[in-house]
Amino acid sequence: MDALNSLGKTMVSSPERQQEADSDWDIVQRVQAGDVAAFDELSIRYRGRVYGMIYNMTSNREDAADLTQDALIKAFQSINRFQGQSSFFTWLYRIAVNSTLTHLRKNRRRTFFSLEKVNEDDRQSAEVIEALTDNTGAERNTFVKELQEKLNEAMQKLSIRHRTVVTLFEIDGLGHQEIAEITNCSVGTVRSRLHYAKQILQAELQPYIRNEKRPH
């Protein structure tokens, strides 16, 4: 079983996503028409998701909070230039990702992939655990901790651009097209970066993949 493939699935267009985009566009138009307070609705809707994405890229709470606020301010200041060619969500994520990449390159600090949210009460997290282990109880909890540490180590081996697409795809659940729009590259490039990143991660996590012998 390709365990990493179960960590995330390509998002597809859905009535719910389209409804969200339509709702966002209505709010954007209100802001552009002078109802600046309406931007608070967009901020409340997306602040948590943007923060989570940035934290997974930086693994620093203060940086994530600052960069989230910075992205929202930039989005507000540029709102009149947004014409709806993409969803507001995609546009905001592009701003946040670009700001975070600039921050990471400028600081050149070691960054870590965060699986702090991994817990068995979360469906996606449960799929990760189920894909990688048959263990239960205390042994399972120990394994999850080991997995967090090993993923952190493995992600350090990836470049910033590869870490970015893995974060957007595996953690945020975005589709290839959305990631391409956010990172300003082709879908083919996104697929290529994901393929390369998964090869690296699989090699690093091989002892932890189901049916492989794990070290004692």
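Rundown of residues vs (1) under 23 Å from Asn152 (Cβ atoms); (2) in contact with a Leu (Cβ under 8 Å, 6 or more places away or on another chain); (3) aliphatic (A, V, I, L, M), yes/no style:
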position	(1), (2), (3)
Gln19	no, no, no
Ala33	no, no, yes
Ile44	no, no, yes
Arg47	no, yes, no
Ala64	yes, no, yes
Asp70	no, no, no
Ala75	no, yes, yes
Asn98	no, no, no
His103	yes, yes, no
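If you take the residues of the range 98-126 that are modelled with pLDDT of 85 or more and not β-branched (Val, Ile, Thr), which of them is farthest from Arg30 (Cα to Cα)?
Across the range 98-126, the extreme among qualifying residues is Leu104.
What number of residues in the range 1-35 are among the aliphatic types (A, V, I, L, M), surrounded by fewer than 16 Cβ atoms within 10 Å (Cβ to Cβ) and modelled with pLDDT of 95 or more?
Adding up the residues that qualify gives 1.
Conditions (1) surrounded by fewer than 20 Cβ atoms within 10 Å (Cβ to Cβ); (2) farther than 16 Å from Asp40 by Cβ; (3) hydrophobic (A, V, I, L, M, F, W, C), marked per residue:
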residue	(1), (2), (3)
Ala64	no, yes, yes
Thr68	no, no, no
Ile73	yes, no, yes
Arg81	yes, yes, no
Gly84	yes, yes, no
Trp91	no, yes, yes
Val97	no, yes, yes
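So Phe76 passes all but one of these: (1) under 20 Å from the mean Cα position of the chain (by Cα); (2) on the phi < 0 side of the Ramachandran plot. Which condition number does it fail?
(1)
Failed condition for Tyr208, given (1) of a type in the set (Ser, Thr, Tyr); (2) more than 21 Å from Trp91 (Cα to Cα); (3) modelled with pLDDT of 90 or more, with all others met?
Result: Tyr208 fails condition (3) only.
Report whether or not Thr100 is under 19 Å from the mean Cα position of the chain (by Cα) and within 26 Å of Arg191 (Cβ to Cβ).
yes
Out of Ile129, Ile95, which single residue is modelled with pLDDT of 80 or more and β-branched (Val, Ile, Thr)?
Exactly one of Ile129, Ile95 is modelled with pLDDT of 80 or more and β-branched (Val, Ile, Thr), namely Ile95.
Can you find a residue in the range 182-193 that is at pLDDT below 90, under 30 Å from Gln18 (Cβ atoms), part of a helix (DSSP H, G or I) and not polar (S, T, N, Q)?
no
The values are calculated or read from the model by the stated rules, or taken from the named source; none is laboratory data. Keep in mind that what you see is a predicted model, and the values were worked out from it rather than measured. A quick note on method: Cβ atoms are made from the backbone with ideal geometry, for glycine too, and the neighbour counts reach across all protein chains shown.
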